[in-house]
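So the structure is just underneath, and the comments pick up after that.
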Amino acid sequence: MSAPHVAVRNVHIEIRGLTKTYKSKTGSVPSLKPIDLDIDKGEFVAIVGPSGCGKSTLLKLVAGLLPATSGTIRIGGANVKEPIDDIGIVFQSPVLLPWRTVRDNIMLQIQMRGRRAADYEEAVARLLKTAGLEGFEHRFPWELSGGMQQRAAICRALVHDPSVLLMDEPFGALDAMTRERMNAELQRIWYATKKTVLLITHSIPEAVFLADRVVVMSSRPGSVEAIYDIDLPRPRDLSIMGDPRFVRYTQDIRKHFFAQGELDH
Amino acid sequence: MWILRSVKSIAGSDAIRPVLLMLIILVAWDLCVRIFRIPPYLIPAPTYVVYELVNQWPMLLRETLPTLYATLGGFALSALVGIPLAMLIASSRTIESYLYPILVFSQSIPKIAVAPLFVVWFGFGIFPKVISAFLLGVFPVVVATVLGLKSIDKDMLDLARSMRAGPLRTFLRVRLPSALPSIFGGLKVSITLAVVGAVVGEFVGSNSGLGYVLQVANGNFDLPLMFAALFILSMMGVVLFMLLDFAEHLLIPWHASRRDEFAGQT
Ligand SMILES: Nc1ncnc2c1ncn2[C@@H]1O[C@H](COP(=O)(O)OP(=O)(O)OP(=O)(O)O)[C@@H](O)[C@H]1O
Ligand SMILES: [Mg+2]
């Protein structure tokens, strides 16, 4: 575990003794051992871990989409029991509705919440610009590339201006080049919006490039094995991946996976 | 040379192809009847059938309408009952385990065997025919709609939940539209079966409709009339099917099977 922070922290997401055991017909599957984690306001935290260690489970618990078996999650001081207003989620697949245009897909967030679409026209336009989707707002998702679809999904997660952004391997389906470009863009979006971000990823370079802290999880049932403070200057551009400190971080983190005998990428 | 090419270009148009095939079949049919000297009381030559169609047209048209009404009534009932029933089944496993087996059970009862019962219950009017068309048409609607409502992506539902939308809003904005392609698949099967159902109803207890014409023609060994009635029935099925296809085209232009034309328009 990392050394306790000395500076005064402004904890935004507080996870205490969180466990999850899935109950199914064939028996119970313990997926998370007690997890404790604090995430500061405006912090970018990335989680890496072997496949099936419970990363998605953790994200869904934080999102309030799954009930915890024990332990608590607090966001902004309030207990999370069901989805709260202040969160935006991006899944591994873009899950855009094929009958809605890019703009209307982003607006879904607003309409489903019963808010007035007219109040958010400006926010949509701004986000489309930030995400480099200008000129595509009236296209349908299936007319877009995978990377563009995922960017639209990120816009949808941000349009109601939540303070927390949760992402579950948002770039998992993209090729390496597109993925790096998306990383750079995500950093820019984060920089512009100052959200608290929890990003789950299989890619160690992606985690180091984007995050303030990288949380390494052990294999199932998952628990926090180590936390790395990534002390690299911001804003980072892709050339930082050649920096010796960057390489050091990725090597250190990768060692955990060798020790566990599992490596996905 | 240019004849060949122009034949090719005519055959290349989508609307022409089925007509072309029909013509080929008709010619082959006519040839077979002539070459093998098949007597008209076994298989009439197409010319006879056409002659009968033209000759008896006013009567045939008059008898087509009751069948059409019964078909449309049965189909409408299938949609109005089938879709909500499917929503009910898809909404809860408990309801599904009660309803689905009974539905399958009732579907396996031969309609032709119970149709006389409807006449006893409802008399000779249009009602027993509608019921008969409904009984045949409702099952595919239910099965397809249940499938469509259940095949929705788990992440999509999580997303809807994360947006804190109530069940109604989720249903209208996400579940129903994503089930529409499936629902239309069921409706298309349903409309053709509704035609069959209406005719079955007319067979057992009616004095009007194409089913009645078929039965009378059958009794008199009037094969040309019988074939003419069959032809009209099939055309009715085709036209109704095409109307549904067109409605589908308007309602779900985004579906994968139609994207080419759709993207081309915008
Ligand atoms: N609905 C469920 N019912 C039962 N067990 C489940 C369910 N969802 C996940 N699990 C189990 O919990 C464990 C953690 O799953 P989870 O999806 O959180 O893993 P993950 O870390 O996200 O994996 P990946 O990196 O492959 O996405 C897995 O071993 C899985 O078998
Ligand atoms: Mg996962």
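The values are calculated or read from the model by the stated rules, or taken from the named source; none is laboratory data. Predicted model only: the values in this text are computed from it and were never measured. Virtual Cβ from ideal backbone geometry, glycine too; neighbours counted across all protein chains shown. Ligands, DNA and RNA are excluded from the accessible area calculation, which covers all protein heavy atoms including side chains. Shrake-Rupley method; radii C 1.70, N 1.55, O 1.52, S 1.80 Å.
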Practice task
Under 12 Å Cα to Cα from B:Lys188, which aspartates and glutamates show up? Leave out anything in the same chain fewer than 8 places away.
Solution key: B:Asp245, B:Glu248
Exercise for the section: Find the centroid of the Cα atoms in region A:14-67 and in region A:138-205, then give the distance between the two in whole Å. Expected result: 21
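Mean Kyte-Doolittle hydropathy of -1.0 or higher plus an axial Cα length of 18 Å or more: which whole DSSP H helices in chain B meet both?
Working: long enough: B:16-35 (28 Å, 2.04); B:57-91 (49 Å, 1.23); B:93-107 (20 Å, 0.37); B:127-150 (33 Å, 1.82); B:176-204 (40 Å, 1.56); B:223-251 (42 Å, 2.01).
Taking the DSSP H segments of chain B (at least 18 Å long, mean hydropathy at least -1.0), we get B:16-35, B:57-91, B:93-107, B:127-150, B:176-204, B:223-251.
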Fill in the blank from the handout: With every protein chain kept in place and a 1.4 Å probe, the residues B:Tyr69, A:Tyr249 fall, from largest accessible area down, as B:Tyr69, A:Tyr249
Fill in the blank from the handout: Highest GNM mean-square fluctuation among A:Asn79, A:Asn105, A:Asn183, for chain A with Cα springs under 10 Å, belongs to A:Asn79
Exercise for the section: Apply the Karplus parameterisation 6.51 cos²θ - 1.76 cosθ + 1.60, with θ equal to phi minus 60°, to every residue of region A:219-227 and state each ³J(HN,Hα) to the nearest whole Hz, in sequence, with x for glycine and proline. Expected result: 6, 4, x, x, 8, 6, 8, 7, 10
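With the cut-off at 1.5 for a/c, could you classify region A:99-244 from its C-alpha gyration tensor as rounded, prolate or oblate?
Details: a/c = 1.91, a/b = 1.69, b/c = 1.13.
Judged from the Cα gyration tensor, region A:99-244 comes out prolate (a/c at least 1.5, a/b above b/c).
Helix-only estimate, please: 222 nm mean residue ellipticity of chain B, summing -39500 (n - 2.57) across DSSP H runs of length 4 or more and dividing by its residues, to the nearest 500. Spell out each step's value before the answer.
Details: 13 runs with 214 residues, N = 266.
My calculation for chain B gives -27000 deg cm²/dmol from helical runs alone.
How many partner chain Cβ atoms sit within 10 Å of a residue's Cβ in peptide A:110-119, on average, as a whole number?
Counting Cβ atoms of other protein chains within 10 Å of each residue's Cβ and averaging gives 3.
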Practice task
May I ask you to list the trypsin sites (Lys or Arg not before Pro) in region A:69-149 that are in a DSSP loop and have at most 11 other Cβ atoms within 10 Å of their Cβ?
Solution key: A:Lys81, A:Arg116
Fill in the blank from the handout: A correct Kirkwood calculation over the Cα atoms of chain A returns a hydrodynamic radius in Å of 19.1
Fill in the blank from the handout: Under a Gaussian network model of chain B whose springs join Cα atoms within less than 10 Å, the largest fluctuation of B:Leu88, B:Leu187, B:Leu168 belongs to B:Leu168
Practice task
Under a cut-off of 17 Å between alpha-carbon atoms, report the aspartates and glutamates in cross-link reach of B:Lys129, not counting same-chain residues fewer than 8 places apart.
Solution key: B:Glu63, B:Glu202
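Can you divide the C-alpha Rg of the protein assembly as shown by 2.2 N^0.38 Å and report the result to two decimal places? Don't skip to the end; give the middle numbers.
Details: Rg = 32.0 Å, N = 531, 2.2 N^0.38 = 23.9 Å.
Relative to the 2.2 N^0.38 Å estimate, the protein assembly as shown comes out at 1.34.
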Handout entry: Two-decimal ratio, region B:7-157, of alpha-carbon radius of gyration to 2.2 N^0.38 Å
Key = 1.53
Exercise for the section: Give me the orientation-averaged projected area of the Cα convex hull of region B:48-254, in nm², one decimal. Expected result: 13.4
Problem - Area of A:His256 that stays accessible when all protein chains are in place (1.4 Å probe, Å², to 10) - result: 40
Problem - Partner lysines for A:Lys195 [C-alpha distance under 17 Å; skip if fewer than 8 residues away on the same chain] - result: A:Lys41
Handout entry: Solvent-accessible ranking of A:Tyr120, B:Tyr51, largest area first, probe 1.4 Å
Key = B:Tyr51, A:Tyr120
Fill in the blank from the handout: Under a Gaussian network model of chain B whose springs join Cα atoms within less than 10 Å, the largest fluctuation of B:Leu117, B:Leu233, B:Leu210 belongs to B:Leu117
